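All of the numbers you see were taken from the coordinates with simple rules; none came from a lab. Being a predicted model, the structure only gives us computed values, none of them experimental. All Cβ positions, glycine included, derive from the backbone under ideal geometry; neighbour counts span all protein chains shown.
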Amino acid sequence: MQLRALMYFDELVRTNSMRAAAENLNVAATAVSRQIENLEHYFGTPLVERSNRGIRLTAAGELLAARAGRTLRELEHVHQLIDDLQGLQRGRVVISAAGATVANLIAPVLAEFSLRYPKLRFEVSIGSAREAMDALASSEADITVSLFAPKIMPNVKVRLRSEMVYDVVMAAGHPMAQNAELSLRDVAHLPIALPDKTFAARQAFEELFSKKGIVLDPVFVTSSLEMLRELVLRNAAITFLPALTVQRDIDAGMMRAVPLSAGSALRVSIDLCISPDRQLSFAASKLVDFMEAFMRGVPRRSRRSGAAAR
């Protein structure tokens, strides 16, 4: 059986269309059809049923589809292990991150690591905590970094669990920017910008405000971290974020991160995860070590950023 035929079949399953699969593979639709026929001849049974509305997998096709993607990913992993013979001269690492907040946290890590090893390639996917963990469990990702990860995570090994503290983030010129700390009651009357309710951080703050008997009524609700940042920079609202996610703006003197008082602070774990039964490539292993060293400094850096605002 040819590897190309399996790759074409996997793309057909993903797109559910001969034409779309052909476009993504940059080949003619007849080439895709021919490779599917080769697979059907190899297995001795139809794998797809064709109609004007697209394709439908047969029972045999469903069986192959469930394994084809994982097989291809394992072959790619073998390719990476072979690349390891060349040291860090080539290779690719796939990272799944839970939410834009985490993406902003790992961006400086990847930037610094890439400067050290410019021949490596990186792919970062952003999703929910569950999606990030599923990507790791299915071998679609080498590494996962997540806030608010599920408590039960089968087929996942937590390499490091660190603590992340949310601060009150505001423009540098905000009247409260020089406070040593703030309580939820201090900021409840201010215009607040928050993520929408699909974000775990928003749900956590809803619960935190509720326990204090305070109504949380944000003026702005958005799924975009960049919009939260822009609203804060324009002094239209405050928000709650780990200081490291806006560290560049803090260092530039455009923002301040003021700690919440002890009884109001939101502390969450940030998990660096790998698969327990899959050998990491040399490149991925080195990146995990690098990320772990960075994360061990996260709580200290976050506190220092808050202190700089005082």
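Determine which residues of the range 251-279 fall in the zone a paramagnetic label at Val219 would reach in this model, i.e. backbone nitrogen under 19 Å from the point 7 Å along Cα→Cβ. Taking a point 7 Å out along Cα→Cβ of Val219, the residues of the range 251-279 whose backbone N falls under 19 Å are 255-258.
Each of Glu74 and Met227 was given a label point 7 Å from its Cα along the Cα-to-Cβ line. The distance between the two points is 4.4 nm. When the alpha carbon gyration tensor of the chain is reduced to an equivalent ellipsoid, its three semi-axes come out at 45, 23, 17 angstrom, largest first. Note that the range 129-141 has calculated 3J(HN,Hα) couplings of 4, 5, 5, 5, 5, 5, 5, 5, 5, 8, 6, 6, 10 Hz, one per residue in order, obtained from phi through the Karplus relation 6.51 cos²θ - 1.76 cosθ + 1.60 (θ = phi - 60°); glycine and proline are x.
Each label point was placed 7 Å from the Cα along the Cα-to-Cβ direction; for Val158 and His41 their separation is 5.3 nm.
Between the range 189-221 and the range 95-145, the alpha-carbon centres lie 27 Å apart. The angle between the Cα long axis of helix 59-83 and the main principal axis of the chain comes to about 70°, on a 0 to 90 degree scale.
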